[in-house]
Amino acid sequence: MTVSAKQWLERIHELPHRGKVKIMNVCGGHERSITMAGLRKALPDYIELVPGPGCPVCVCPEEDVFEAIQLALNEDIILVAFGDMLRVPVNVKKAQARTLEQAKAQGADIRPIASPTEAVSIAKANPDKAVVFFAAGFETTTAPVAAMLVEGVPSNLSVLLSGRLTWPAVAMLLESGEPGFDALIAPGHVSTIMGPEEWQFVVDEHNIPAAVAGFKPESLLAAMYSVLRQLNEGRYFLDNCYSELVKDGGNKSAQAHLSKAMNVYDANWRGIGIIPSSGYILDKAYSDHDARKLFPAYADDARKRAGQMPPGCDCAQVVLGKIYPNECKLFGKACMPRNPIGPCMVSDEGACRIWWAGGMRESAQ
Amino acid sequence: MQDTHISLAHGNGGRYMRELIEEIFARHLANTDLDVQADAVPITLDSKDILFTTDGFTVQPLEFPGGNIGSLAVHGTTNDLAVAGAIPKYLSLNAFIEEGLEIATLERIIKTLAETAAEIGVKVVAGDTKVLRRGEGGGLYLATTGVGVRNGHILSMKNIKDGDSIIVSGSVGDHGIAVMLAREEFGLRGDIQSDAASVLNLTTAAHIFEGLRFMRDPTRGGIATVCSEMLRATGMGVRLLQEQLPVRDPVQSVCDMLGYDPMYLACEGRVVAIVDPSEASALLERWQALEEGQDAAIIGHIDSSMQHVLMETDIGGERILEELEDDPLPRIC
């Protein structure tokens, strides 16, 4: 028997009320569904839904975006990137290209794509030109990039990789002593690839209830019901409320591609810093397709605010769930989708952009 | 015509151009008032109240499931007349044709345009063609100007009152998604048909109601944009019920996949009507009795107690629909 979103909501309302419960999600898709369905308003007041580190575009290192812009402007290449990346701003002087979109306007050949297969087609269609694929994303987008490399790509295609793992950011929050949440909704798509077991540590090591959820309100509400019951009963486990797609062990072939083409390293998250074992770099076997090896590094440590969020921007705090988007003083004022200051207002996965699109525009102050 | 593709010579004012006009445009559009030799034509209108409008068409691709730029050029302009309370009578047509366009494609489009005009009972009586150099146009751009006569009382957003009902004549977002899928940009395919159609039967049916305040066809920006415009014009809020909103399953699926919101997607054959609540169910029945109004639904009402467009979601949540900011980007994870 399938339970509808409304029925899950009724069950949640029937649970005994308790003190404030903060439930974190770590997936932009979850936050989008929550906001667009107006779940916050429909849930009892004691439940707070906190958007956490769920936006790969938002944490993509500033220096990587800078490198992509410089490669596109200075090297004889076609740069392809997921559409979201084109408007992510870096910290440069006024006259310089601040985004890939601005670099494009200055004449660089930059093309937005929606999947790695498009990168391959563009490389095949332009055999005389070097094509660089700036690939930022979590496991869900990094696995197809790995598969693309393992299956073989044209010799003129290379990858500027900014892949990140989702769980290490949650581990960092939990180990900080101030996680800022009482329960976790674990990401569905990431779990289809990596397996739900990746999130077992939340329960086992930190005594926090967790449930994997899909993207429909009914799946999210089922996961919320699960973690609330776990809290009420004091019996914590990792629940899977997306079992139609999330299977034990995950997608073995995707994992095999990832471990063949890439290695895990301690990676930088924009505005947050180094998180242990949280990033992917290309394996040596793929050096011929590693843009970081094929092209010069344009990194300029003297650049003001290199690696940081833009001045005044609280995106890093928003990503970590420390503040809500409307608690940033720029939200809806200087920073709007038309003229975003921070990456969380650029990406469709960014909490600021989602809140703005969902009409949650009142400033918290 | 011997040529297979448009060349710059088809815009030179000479024999090539005459052939193009006679064999493609005049042949399909022929009617008693069309005189391709004349610089201007006299038209007769049996009314004091004449409505006048114009619109341009740049859709890509030129042909899509459920229509093409030709049918759109008629529907777009005649629908604007219809929702304003007029019966469309005459159209002018400007065609900006890009060098290299296949003449067979042009002919298909103009034939559809002529058939669409004939169905609605509107005559194309004036026109012009220009040929653009290769790379300067999207194959074909069209512009139509329409003249119609009033067939009902004057409609205006100023008539809208607190508590008025909001009715939509059919499913929303079909056109936006059909055209997007036809571009094949996202590697997605589907058989979603555009809703592009004349709304004249719908608007004529609505006009018998004294309590009809205002009508609009929700084209670019969709239903949410029509509601934002009403909010700005009246200062009164709009409350919508997601549960009542007709959205076809395949349209919803594509929206879920790409992160689009059907509330903001274009329709080309739907009407949103604002009507006194006492007449809402009668108008709904009239529309549902028409083939083009089968899926009509009362989707909300005007609510002066607030100053925004608010949607009650399926599950009883609430969400504010703001003015469209920019086109959403495809998701990356």
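The values are calculated or read from the model by the stated rules, or taken from the named source; none is laboratory data. Just so it is clear, the model here is predicted, and its values are computed rather than measured. All Cβ positions, glycine included, derive from the backbone under ideal geometry; neighbour counts span all protein chains shown.
Checking each residue in the range B:306-320 for being more than 7 Å from chain A (Cβ to nearest Cβ) and of a type in the set (A, V, I, L, M, F, W, C) picks out B:306, B:309, B:310, B:311. Scanning the range B:175-220 for residues that are over 22 Å from residue B:56 (Cβ atoms) and acidic (Asp, Glu) gives B:184, B:185, B:191, B:210.
For residues in the range A:149-186 being polar (S, T, N, Q) and crowded, with 24+ Cβ neighbours inside 10 Å, which is nearest to the chain's Cα centre (by Cα)? Top of the filtered list is A:166. Does residue A:359 qualify as being under 18 Å from the mean Cα position of the chain (by Cα), part of a loop (DSSP other than H, G, I, E, B) and either in the same structural domain as residue A:56 (by TED's automatic domain parsing) or not aromatic (Phe, Trp, Tyr) (or both)? Spelling it out, it is not the case that residue A:359 is under 18 Å from the mean Cα position of the chain (by Cα), part of a loop (DSSP other than H, G, I, E, B) and either in the same structural domain as residue A:56 (by TED's automatic domain parsing) or not aromatic (Phe, Trp, Tyr) (or both).
Taking the criterion of being at pLDDT below 90 and more than 9 Å from chain B (Cβ to nearest Cβ), the residues of the range A:341-363 that qualify are A:362, A:363. Of the helices (runs of 4 or more DSSP H) contained entirely in the range B:67-184, those carrying at least 1 residues that are assigned by TED's automatic domain parsing to the domain that holds residue B:22 and out of contact with any helix residue (DSSP H, G or I) (no Cβ under 9 Å at 6 or more places or on another chain) fall at B:69-83, B:103-120. For the range A:338-356, a residue qualifies if it is assigned to a loop (DSSP other than H, G, I, E, B) and crowded, with 19+ Cβ neighbours inside 10 Å, and the qualifying residues are A:340, A:341, A:342, A:346, A:347, A:348, A:349, A:350.
Taking each residue of the range A:143-168 that is in contact (Cβ under 8 Å) with a residue 40 or more places away in the chain and looking for partners that are in a helix (DSSP H, G or I) and of a type in the set (Phe, Trp, Tyr) with beta-carbon atoms closer than 6 Å, six or more apart or interchain, yields A:149/A:286.
For (1) surrounded by 23 or more Cβ atoms within 10 Å (Cβ to Cβ); (2) under 20 Å from residue B:160 (Cα atoms); (3) small (Gly, Ala, Ser), each residue gets a yes or a no:
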site	(1), (2), (3)
B:263	yes, no, no
B:268	yes, no, no
B:279	no, yes, no
B:283	yes, yes, no
B:307	no, yes, no
B:321	yes, yes, no
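Return yes when residue B:219 is in a loop (DSSP other than H, G, I, E, B), touching a residue at least 24 places away in the same chain (Cβ under 8 Å) and among the hydroxyl-bearing types (Ser, Thr, Tyr) and no when it is not. Spelling it out, residue B:219 is indeed in a loop (DSSP other than H, G, I, E, B), touching a residue at least 24 places away in the same chain (Cβ under 8 Å) and among the hydroxyl-bearing types (Ser, Thr, Tyr).
Checking A:136, A:146 one by one, the residue that is more than 19 Å from residue A:295 (Cβ to Cβ) and of a type in the set (A, V, I, L, M, F, W, C) is A:146 and no other. Considering only residues in the range A:132-148 that are surrounded by 24 or more Cβ atoms within 10 Å (Cβ to Cβ) and among the aliphatic types (A, V, I, L, M), the one that is farthest from the other protein chains (Cβ to nearest Cβ) turns out to be A:132. The requirement of being over 21 Å from the mean Cα position of the chain (by Cα), of a type in the set (S, T, N, Q), closer than 21 Å to residue A:37 by Cβ and at pLDDT 95 or above is fulfilled nowhere in the range B:249-268; no residue meets it.
Evaluating residue A:236 against the criteria (1) surrounded by 14 or more Cβ atoms within 10 Å (Cβ to Cβ); (2) within 22 Å of the chain's Cα centre (by Cα); (3) over 30 Å from residue A:75 (Cβ atoms) leaves one unmet condition, (2).
The residues in the range A:308-345 that are touching a helix residue (DSSP H, G or I) at 6+ places or on another chain (Cβ under 6 Å) and more than 23 Å from residue A:64 (Cα to Cα) can be counted, and the count is 3. Regarding residue A:29, is this residue in contact with a Phe, Trp or Tyr (Cβ under 6 Å, 6 or more places away or on another chain), farther than 30 Å from residue A:301 by Cα and either in contact (Cβ under 8 Å) with a residue 12 or more places away in the chain or assigned by TED's automatic domain parsing to the domain that holds residue A:98 (or both)? So residue A:29 passes the test.
The helices (runs of 4 or more DSSP H) found wholly in the range A:82-187 and carrying at least 2 residues that are farther than 20 Å from residue A:64 by Cα and among the hydroxyl-bearing types (Ser, Thr, Tyr) occupy A:116-125. If you check A:278, A:287 for being polar (S, T, N, Q) and within 22 Å of the chain's Cα centre (by Cα), only one passes: A:278. Considering the range B:125-148, the residues that are farther than 21 Å from residue B:4 by Cα and at pLDDT below 95 include one that is surrounded by the fewest Cβ atoms within 10 Å (Cβ to Cβ), namely B:127.
Screening the range A:321-340 for residues that are touching an Asp or Glu at 6+ places or on another chain (Cβ under 8 Å) and over 26 Å from residue A:176 (Cβ atoms) and picking the one that is nearest to the other protein chains (Cβ to nearest Cβ) gives A:337.
Close contacts from the range A:53-73, counting a first residue that is at pLDDT below 95 and a second that is in a helix (DSSP H, G or I) and acidic (Asp, Glu), with Cβ to Cβ under 8 Å and a gap of 6+ residues or different chains, come to A:54/A:31; A:57/A:84.
In this entry, residue B:228 passes the filter for residues that are within 12 Å of chain A (Cβ to nearest Cβ) and part of a helix (DSSP H, G or I).
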